[in-house]
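Accompanying notes for the structure given below.
The values are calculated or read from the model by the stated rules, or taken from the named source; none is laboratory data. Predicted, not measured: the structure shown is a model, and the values here were computed from it. Cβ sites come from the backbone with ideal geometry, for glycine too, and all protein chains shown count toward neighbours.
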Amino acid sequence: MGRRLAPTAALVIGAVMPDVPLFLRLDDTYDLTHSLGGVLGVDVVLGTALVVLWALIGRDAWTDLAPDAIRDRLSAAAAYTTRDMWLTPLAVGLGTTVHVVLDELTHPLGWGSQHIVWLGEVHGGLPGTTWLLLAAGVVGSLTLALVVVRRLMRMPACRPTSHRVLPAWTALVAATLVLLSGLDTIILFSSVRPQVVMFEAANNVLASAVIVMVVGALGWHVRRTCSAPTRPGLA
């Protein structure tokens, strides 16, 4: 199996770090996370910390909670290496940089709309910046999906030797809760502009996904600890 260029989790976390203030409703820090200092400083530091937490707490839990076809392959994958840890800040920084650059091109008052005529014009009822945002979202999602599928297909399938800590349906329940949070948001904001509905739904889905992943991982670790056989005391 070929060596990956950078940890995928670090790239993904880096790509969403600048918008964390939106998920937490901390609007006052939005400009900071989208500034040069944020991209080179706070975004990288916080993003790297989240990757470390994922590697230590979340990765094993959600690997075990994955469907069998995915679990069998991820269970055979090597853990984070020293090389991955060194590359993590660079990968997070790359993700945050791409995010901020795209924001300048896709926000109505960004650099793109002021310097590229097509982006500042309306096409089919939507600004050019919105069309670019939609296209970037589709291309980015497809690219990420292709990378993940390609990596999974290159991993050897190996049936885990240990039983699941939590039942397989736990992941289905988690996914359902996340989707319901988005549906609930769409219903609540159905009377406002579609752009606002999309924005609020995306924020709530991402925030719900993070909460569900954290709760699921903690529950997995608690259950595994409680299920572990205890050593008899010394006589």
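Restricting the first residue to the range 69-95 and requiring it to be farther than 21 Å from Leu152 by Cα and modelled with pLDDT of 80 or more, which pairs with a second residue that is in a helix (DSSP H, G or I) and of a type in the set (Ser, Thr, Tyr) meet a Cβ separation below 8 Å and a spacing of at least six or different chains?
Hits for this filter: Pro89/Thr48; Val92/Thr48.
What are the residues in the range 24-50 that are under 16 Å from the mean Cα position of the chain (by Cα) and under 21 Å from Asn204 (Cα atoms), if any?
Selection gives Leu24, Asp43, Leu46, Gly47, Leu50.
For the range 98-111, check the following and say yes or no: at least one residue is on the phi < 0 side of the Ramachandran plot, small (Gly, Ala, Ser), assigned by TED's automatic domain parsing to the domain that holds Val20 and over 21 Å from the mean Cα position of the chain (by Cα).
For the range 98-111, residues on the phi < 0 side of the Ramachandran plot, small (Gly, Ala, Ser), assigned by TED's automatic domain parsing to the domain that holds Val20 and over 21 Å from the mean Cα position of the chain (by Cα): present.
So which of Val222, Val165, Val212 ends up being within 15 Å of the chain's Cα centre (by Cα), among the β-branched types (Val, Ile, Thr) and surrounded by 11 or more Cβ atoms within 10 Å (Cβ to Cβ)?
After ruling out the rest, the residue left standing is Val212.
Yes or no, residue by residue, for (1) assigned to a helix (DSSP H, G or I); (2) within 28 Å of Trp220 (Cα to Cα); (3) among the β-branched types (Val, Ile, Thr):
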position: Val52; (1), (2), (3): yes, yes, yes
position: Ala61; (1), (2), (3): yes, yes, no
position: Asp72; (1), (2), (3): yes, yes, no
position: Gly93; (1), (2), (3): yes, no, no
position: Val101; (1), (2), (3): yes, no, yes
position: Leu109; (1), (2), (3): no, no, no
position: Thr129; (1), (2), (3): yes, no, yes
position: Met153; (1), (2), (3): yes, yes, no
position: Pro156; (1), (2), (3): no, yes, no
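Any residue in the range 187-194 that is within 22 Å of the chain's Cα centre (by Cα) and part of a helix (DSSP H, G or I)?
No, the range 187-194 has no match at all.
Conditions: (1) within 17 Å of the chain's Cα centre (by Cα); (2) closer than 24 Å to Ala202 by Cβ. Thr88 meets all but one. Number of the miss?
Every listed condition holds for Thr88 apart from (2).
Could you identify the single residue in Gly216, Gly182 that is touching a helix residue (DSSP H, G or I) at 6+ places or on another chain (Cβ under 8 Å), outside the structural domain of Trp54 (by TED's automatic domain parsing) and either within 21 Å of Asp72 (Cα to Cα) or outside any helix (DSSP H, G or I) (or both)?
Gly216
Look at Gly41 and say whether it is touching a Gly at 6+ places or on another chain (Cβ under 7 Å) and of a type outside the set (S, T, N, Q).
no
From the residues in the range 141-161 that are without any contact (Cβ under 8 Å) to a residue 60 or more places away in the chain and among the small types (Gly, Ala, Ser), which one is nearest to Leu105 (Cα to Cα)?
Only one residue fits best here, namely Ser141.
With (1) of a type in the set (D, E, K, R); (2) assigned to a helix (DSSP H, G or I); (3) at pLDDT 85 or above as the list, and Arg164 as the residue in question, which single condition is left unmet?
Unmet for Arg164, out of (1) of a type in the set (D, E, K, R); (2) assigned to a helix (DSSP H, G or I); (3) at pLDDT 85 or above: (2).
Among the residues of the range 52-62, are any modelled with pLDDT under 90, surrounded by fewer than 18 Cβ atoms within 10 Å (Cβ to Cβ) and more than 22 Å from Arg154 (Cα to Cα)?
yes
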